[in-house]
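The values are calculated or read from the model by the stated rules, or taken from the named source; none is laboratory data. Quick caveat: nothing in here was measured; it's all calculated off a predicted structure. Neighbour counts run over all protein chains shown; Cβ positions are idealised from the backbone, glycine included.
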Amino acid sequence: MHISFESETLSLEIPREIVLHVTPEQFEAIAMTNRDLRLERTSLGELIVNPPTGGESGKRNFSIIGQLARWYEEHQELGEAFDSSTGFRLPNGANRSPDMSWVSRNRWEMLTEKQQKGFVPLCPDFVVELRSESDRLSKLQAKLREYMDNGAQLGWLIDPQNKQVEIYRKDRNIEVLVNPTHLSGEDVLPGFILDLKRIL
């Protein structure tokens with residue numbers, strides 16, 4: 001974190017055990033000033049700084065995004081797809097940036113042009129979180145539950161360390177697949193099949 005005193009800027013390191021709370025307005029200002037950082041804010045106002053991923057996670061992310069992008073190009077009439085740099089303001093007040101996400105066309109077009117350009121004020125219909133080496137599984141599971149509680153219809157928590165995928169569906173129990181070869185977008189992303197051979 002940097003703190004400015006008139007013309008001088010100092011670097012301030014925050015110990016991991018200290019939690020910073022920011023208002024939605026403060027979060028937006030911090031995020032706009034630090035566009036190279038992936039920041040999130042919990043519903044309680046806690047600021048989260050997500051570190052860059054390593055090479056293996058980057059390759060996996062690229063594969064998933066590429067496959068989703070190919071499906072999206074043929075199904076643009078159904079909605080809009082987003083990468084991890086997109087911020088969503090969930091109904092519970094949290095600011096989240098899923099690794100990948102998708103919003104149905106009718107929900108996207110209900111937003112104003114200003115809302116589409118800023119932090120998107122809704123929860124995506126579809127979300128993906130890919131666990132990296134530094135991610136705690138319990139925190140990602142909590143994020144997926146939060147997405148579902150805020151309106152997501154389908155969510156995937158892809159966990160290469162355990163070679164498994166947790167599938168979250170609206171109003172249904174979590175399904176855990178061990179070493180699956182592919183995933184279906186089901187009726188949320190009709191026709192989308194994610195090939196997992198380069199991911200798990």
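Key figures
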{"quantity": "Output for segment 172-200, where each listed residue is at pLDDT 95 or above, surrounded by 13 or more Cβ atoms within 10 Å (Cβ to Cβ) and part of a loop (DSSP other than H, G, I, E, B)", "calculated": "ILE174, PRO180, GLY185, GLU186, VAL188, LEU189, PHE192, LEU196"}
{"quantity": "Residue satisfying condition, being at pLDDT 80 or above and over 21 Å from the mean Cα position of the chain (by Cα), within set GLU46, GLU74, GLU6", "calculated": "GLU74"}
{"quantity": "Scope segment 42-64; condition over 30 Å from GLN26 (Cβ atoms), of a type in the set (A, V, I, L, M, F, W, C) and crowded, with 19+ Cβ neighbours inside 10 Å; matching residues", "calculated": "ILE64"}
{"quantity": "Total residues in segment 67-82, condition surrounded by 15 or more Cβ atoms within 10 Å (Cβ to Cβ) and either of a type outside the set (S, T, N, Q) or in a strand (DSSP E or B) (or both)", "calculated": "9"}
{"quantity": "Given (1) assigned to a loop (DSSP other than H, G, I, E, B); (2) touching a Lys or Arg at 6+ places or on another chain (Cβ under 8 Å), index of the condition ILE48 fails", "calculated": "(1)"}
{"quantity": "Subset of segment 96-118 [within 19 Å of GLY185 (Cβ to Cβ) and surrounded by fewer than 17 Cβ atoms within 10 Å (Cβ to Cβ)]", "calculated": "ARG105, ASN106, ARG107"}
{"quantity": "Residue in segment 108-120 that is closer than 14 Å to ARG38 by Cα and under 9 Å from the mean Cα position of the chain (by Cα) present", "calculated": "no"}
{"quantity": "Qualifying residue in segment 83-95 (condition: touching a residue at least 24 places away in the same chain (Cβ under 8 Å), exposed (fewer than 13 other Cβ atoms within 10 Å of the Cβ) and hydroxyl-bearing (Ser, Thr, Tyr))", "calculated": "yes"}
